[in-house]
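To keep things clear, I will list the structure first and then write my remarks on it.
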Amino acid sequence: MANDTDFPAGGFRFLLSFRENRLPNGGGADQSLAGGAFAECTGLEATHEPKVIREGGLNYGAHQRAGTTTFATVILRRGITTNADLWRWFELSTQRGGYAYRMDVDIEHLDVDGTRIRAWQLLRAMPVKFKSGDLNARSGEVAVEELHLAHEGLSLRT
């Protein structure tokens, strides 16, 4: 169980909290399941594939409509966390052959003084890649080198 005191202080600018994605009428309160701080976050993007509709007798051009929306894989790099919850979540879906439950992920972008600039939310995220830092006694590597998340929705919260 993660709480605000689990997050390390320092130069990291992105705090993450993972909550179980419950069914709309599933009952129960939202519960924070894991958390961490990361130095880099990429892949916060959504793309509409245009749908071209051609109309008979209209030779100048076709109508453009919004088609399917796709979301990029979010990649979190150089992370630090006080527990192994993120690894257990990834391991559940791969090595044990179980069902990786989906989680909603809040990504808070913080200013230098720790105040929130903006927050993104990933809906129904699941881990698709976990990369640990190299084990080298002479380096200052952090525990989680990369965590890749596939998700089904992206929203900006200000």
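Residues in segment 65-85 that are over 13 Å from H48 (Cβ atoms) and in contact (Cβ under 8 Å) with a residue 60 or more places away in the chain: T73, V74, I75, L76, R77, R78, G79, I80, T81, T82, N83, D85. Note on segment 101-131: among residues that are part of a loop (DSSP other than H, G, I, E, B) and of a type outside the set (S, T, Y), the one that is modelled with the highest pLDDT is R102.
In segment 33-72, of all residues being of a type outside the set (A, V, I, L, M, F, W, C), under 28 Å from V112 (Cβ atoms) and in contact with a strand residue (DSSP E or B) (Cβ under 6 Å, 6 or more places away or on another chain), the one that is surrounded by the fewest Cβ atoms within 10 Å (Cβ to Cβ) corresponds to T42.
The values are calculated or read from the model by the stated rules, or taken from the named source; none is laboratory data. Quick caveat, the model's predicted, so the values are computed rather than measured. Cβ atoms come from the backbone with ideal geometry, glycine included; neighbour counts cover every protein chain shown.
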